[in-house]
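Novice: Here it is: the structure, laid out below.
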Amino acid sequence: MEQLETEKKSEKIIKETENTNLQPDTPKRKWGWFIAGGILLISLIAGAVYYNSLQTEATNEDLAYGVLANNDNPQDYKDFLTNFPNSPRATEVKQRLEKLERMLDSWNKIALSDKVGDFVQFKKQFDDTHFNHLCDIKIDSLDYITAQRIGTPAAFQDYLNAHPDGRYASEASVAEGNLKSQEISEEETAAIQDVVNVFFQGFANQDETSICSNITATMQKFLSQKDVTKGMVVSTIKGMFNEHIQGCEFIVNRDMSIKRQTDPTRGYIVNCTIDQHIQRDDEGKTFGSYNCQMELTPQMLISSLTLDEISNR
């Protein structure tokens, strides 16, 4: 009996112990767990947000820095320095901004210049891809303008040598070819000068042979007349002399210009000044200076001649 009672007491103690262990947590203990869990969650969220903000700022900085590559807009540099003042790149960006502002100031001073040297010097001073290209465009244009002003085959060839792939290379090549086709050789110049001198010697001496051998059968124009035959030319010249004129001389001055006609089959256009000296035994004109315009055929015959008086005495 005693053993049975002892076993019952042991079972009772075990059950009481189990019941004690199975009792639920008190409310105070529950709130402790909630607070601890909340703090942990907030810490994790805050850490994630901070990490994400750092990553976002780094990405934005990289993008803003990338925008500055080959960029000539000062505002983009200023925006970078404003948005990322503590960036390790800030010093470099500031230096680039200062250089850019100096470059833009220099460019504004020469942008409208007509001197090639200004743009050559700019390229030496500033190594910038965009502005180097702008300088090359300006130099190209100014060199072509110079070639046009000089207007010789050699001038256009100089342009082509300096700018073989220039913006005006095609125009320069055509102009050079046209001018070369219009060039007058030394032999042509000498022959034309000889024709003009012989004609005016014949004019002064009323020498029909010298006159007629240097003009076309019918001149398009002679002085104020049109469609003038050789006979009419001789008659007109003889009519300009009277018994008081004892001698006459025409001097062809050294200002003669010779151009080939646009249509080469038509020959040449000649301009010069002519001085006339007259010896006479009465009062009257003894000197006249004239602008002379002539056209000569490819056969070196005068087909048109006009004289416009400049002065006389």
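Read-outs: derived from the displayed coordinates by stated rules, not from any lab. Values in this document were obtained by computation on a predicted structure and should not be read as measured data. Ideal geometry is used to build each Cβ from the backbone, glycine not excepted, and the neighbour counts take in all protein chains shown.
Novice: Which ordering of GLU243, GLU98, GLU295 is given by a fewest-first count of other beta-carbon atoms within 10 Å?
Specialist: GLU243, GLU98, GLU295
Novice: Extension gain ILE245-ASP114, at 0.36 nm per residue separation less the Cα-Cα distance, in nm? Before the final figure, lay out the partial values.
Specialist: On the way: separation 131, 0.36 × 131 = 47.16 nm, distance 5.78 nm.
That pair, ILE245 and ASP114, stretches by 41.4 nm at full extension.
Novice: To continue, here is another question. Find out how many positive minus negative residues lie around GLN201, taking Lys and Arg as positive, Asp and Glu as negative, among other residues whose Cβ is under 11 Å from that of GLN201. Present the calculation step by step, with values, prior to reporting the outcome.
Specialist: Details: positive: none; negative: ASP194, ASP207, GLU249.
Neighbourhood net charge equals -3.
Novice: Return the distance in nm (one decimal) between the two label points of a simple spin-label model at LYS226 and LEU104, each offset 7 Å from Cα along Cα→Cβ.
Specialist: Rounded to a tenth, the inter-label distance reads 6.6 nm.
Novice: Which peptide among 134-141, 170-177 comes first, and what is the full order, when sorted by highest mean count of other Cβ atoms within 10 Å?
Specialist: Details: 134-141: 17.5, 170-177: 15.5.
Averaged packing, sorted descending, gives the order 134-141, 170-177.
Novice: Compute the length gained on full extension between GLN201 and LEU63: take 0.36 nm times their separation in residues and subtract their Cα-Cα distance, giving the result in nm to one decimal. List each step's numbers first, then the result.
Specialist: Numbers: separation 138, 0.36 × 138 = 49.68 nm, distance 8.70 nm.
Net length gain for the segment: 41.0 nm.
Novice: Using modelled backbone amide H atoms (1.01 Å from N, in-plane), which distant-in-sequence or interchain residues come within less than 5 Å of THR229's amide H?
Specialist: MET219
Novice: Enumerate the calculated ³J(HN,Hα) couplings along the range 215-220 in order (Karplus 6.51 cos²θ - 1.76 cosθ + 1.60, θ = phi - 60°), each rounded to whole Hz, writing x wherever the residue is Gly or Pro.
Specialist: My calculation for the range 215-220 gives 10, 6, 4, 10, 7, 4 Hz in order.
Novice: A follow-up question, please. Of the listed pairs LYS180/LYS230; LYS94/LYS115; LYS123/LYS180; LYS221/LYS285; LYS78/LYS115; LYS99/LYS138, which have alpha-carbon separations greater than 28 Å here?
Specialist: Working: LYS180/LYS230 35 Å; LYS94/LYS115 32 Å; LYS123/LYS180 35 Å; LYS221/LYS285 25 Å; LYS78/LYS115 33 Å; LYS99/LYS138 22 Å.
As for pairs spanning more than 28 Å Cα to Cα, those are LYS180/LYS230; LYS94/LYS115; LYS123/LYS180; LYS78/LYS115.
Novice: Further, regarding this structure: Tell me the net charge near THR146. Cut-off is 15 Å between Cβ atoms, THR146 excluded, with +1 for each Lys or Arg and -1 for each Asp or Glu.
Specialist: Taking every Cβ under 15 Å from that of THR146, the sum is -3.
Novice: Right, next: Tell me, what HN-Hα J-couplings in whole Hz come from the Karplus equation 6.51 cos²θ - 1.76 cosθ + 1.60 at θ = phi - 60° for each residue of the range 201-214, using x for Gly and Pro?
Specialist: 5, x, 4, 5, 9, 6, 8, 4, 5, 5, 5, 6, 6, 10
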